[in-house]
Amino acid sequence: MSESTRMLIGLIVGIAVMVVIVSKTKVHTFIALMIASGITGIIGGMPFVNVTQEDGTTITGLVTAIQDGFGNTLKSTGIIIGLGVMMGGILEKSGAAEKMAYSFIKAVGKKKEEWALAITGWFIAIPVFADSAIVIFAPLCKAISKVTGKSLIGLALAMAAGLQLTHCLVPPTPGPTTAASMLGADVGQMIICGSLVSIPMLIVAVFYCQSIGKKIYQIPTDDGGFERKEFKQEYIKSMEELDRMIGQKKLPGLGVSIAPIIVPLILILANTIVGMMGQSISILAFLGSPIVALSIGTLIAIYGLMAKDPTKEVLHVMDDAIKSTGIIMLITGAGGSLGNVIKVSGVGDALGEVVMKMPLPAILLPFIIAALMRIALGSATVAITTAASLSASLIGAISVSPLLMAVSCCVGAISFSYFNDSGFWVWNGMFGVTELKDQVRCKTAISLIMAGVGIIELLVLSMFIH
């Protein structure tokens, strides 16, 4: 058996064991990733600890590779994730997220509620985790359904589509941030490219949502339940009641609500644009770094939205928000460990040789890996992290830019939302979708449709970006 064959077997066995452990046992994904790193390195021929050769060079051991991969990954992503969720907690608690939603709906106008909710979801998922946003905006979706007479299913699915796209494609959410870091892509460029790629996917998704809303016509009832019946055009009502509902709530202004998101994005994008022009402005480079930009955004959220609230309450909001990030950081770091083991062991070079011989566009390899991980593990963030870990070792071996490889990982992770996806069950439960065929027609179908559009975009972009 050749060395390259042994390395590939190590990788295949490591990933296979990880999938089996996560899907069939009680072992957590974090531990499964660490086990996969160990198996990949051992079968691939890595020594357990560092070995100093006679010529003075050092062969990196498995333990060191795992530790270095974990630390280097969190060094670039951990702070961003922490700041992002704290800012998101402030937006949720203060009512700023709801204010943004109302404003988008009012701006879009009558008979375009699916578009408004899709855009709202697209925007809100940048600082707020998608599953949390589904719960937060469920009352709004139900209220709009009651007022307009439109199906709750179409409205809520449009919102979920928008949430899923930016959650998977636009930093500073954990998945795309990690992918950019692992593959050496600029975060600002990732924001631009991820945002642009998501637009055609969102447009196609909204048309599907409008169609499925008529096929599955379900509206909320006053007792908290749901009523399903055959769709009739006469059920659709005006938006006047929504305007009255907005007036009854005491919410912050739109400017101060949107500033914590807009200001960091402007700083990051400005720095990226200046850099692409071959210029360098030190103060802009400092302010436009993701860590500093998000710190500014978080401070704007704290003092712009909760300045009059007691200090203990504000701290409590941020503490509660950041509690959920612990396991995300562990999984992200473990993905970095696996990627580093692959890199150090030489598996990447061996895999690159195989990829070059495959009759498959290289841009689709990260997509396929991420899609398979999404099917096996359920979590989009884990799928992106795993795909980025494997794809990082291919840089230089295939003629695809790191930016497009990162985007490909993210698009692949969108592709299959079904029974092992927590967001799948949160959405179905919140909006009363109980029949299996309807569940598949909604969350599973919309994810496959968006990923299908993404594949076309990736193939087109790979012709122009190298």
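The values are calculated or read from the model by the stated rules, or taken from the named source; none is laboratory data. This one's a predicted model, so the numbers in the text were calculated from it and none came from an experiment. Here the Cβ positions follow ideal geometry from the backbone for every residue, glycine too, while neighbour counts run over all protein chains shown. These area figures cover heavy atoms from the full protein model, side chains too; ligands, DNA and RNA do not enter into them. Shrake-Rupley method; radii C 1.70, N 1.55, O 1.52, S 1.80 Å.
By accessible area, using a 1.4 Å probe on protein heavy atoms only, the stretch 53-180 has 58% of its surface on carbon and sulfur. The fraction of accessible area contributed by carbon and sulfur in the stretch 247-337 is 69 percent, rounded to a whole number (1.4 Å probe; ligands and nucleic acids excluded).
Dipole orientation for the chain: of the candidates V314, G175, A392, V314 has the Cα lying most toward the positive pole (charges on Cβ; Lys, Arg +1; Asp, Glu -1).
Of the chymotrypsin sites (Phe, Trp or Tyr not before Pro) found in the stretch 1-74, those in coil by DSSP whose Cβ has at most 16 other Cβ atoms within 10 Å are F48. The listed peptides 281-291, 137-147, 31-41, ordered by packing as a protection proxy, come out as 31-41, 137-147, 281-291 (highest mean of other Cβ atoms within 10 Å first).
Taking Rh as the Kirkwood radius, which is the inverse of the mean 1/r over Cα pairs, what is the Rg/Rh value for the chain? Result: Rg/Rh = 1.00. Of the peptides 261-273, 305-317, the order by per-residue mean of other Cβ atoms within 10 Å, starting with the highest, comes out as 261-273, 305-317.
Accessible surface computed residue by residue for the stretch 84-173, with neighbouring protein chains in place and a 1.4 Å probe, gives 24 Å² per residue. Phi-derived couplings, Karplus 6.51 cos²θ - 1.76 cosθ + 1.60 at θ = phi - 60°, listed residue by residue for the stretch 407-412: 5, 4, 4, 6, 5, x Hz, with x used for Gly and Pro.
Counting only protein heavy atoms and a 1.4 Å probe, the stretch 1-54 has 57 square angstrom of accessible area per residue. The packing ranking of peptides 424-436, 112-124, highest mean first, is 112-124, 424-436, where packing means the average number of other beta carbon atoms within 10 angstrom of each residue.
Within the set K111/K142; K232/K437; K26/K75, which residue pairs have Cα atoms separated by over 18 Å? Check vs 18 Å cut-off fails for K232/K437; K26/K75.
Couplings for the stretch 175-180, taken from phi via the Karplus curve 6.51 cos²θ - 1.76 cosθ + 1.60 with θ = phi - 60°, read x, x, 5, 5, 4, 4 Hz in order; Gly and Pro are left as x.
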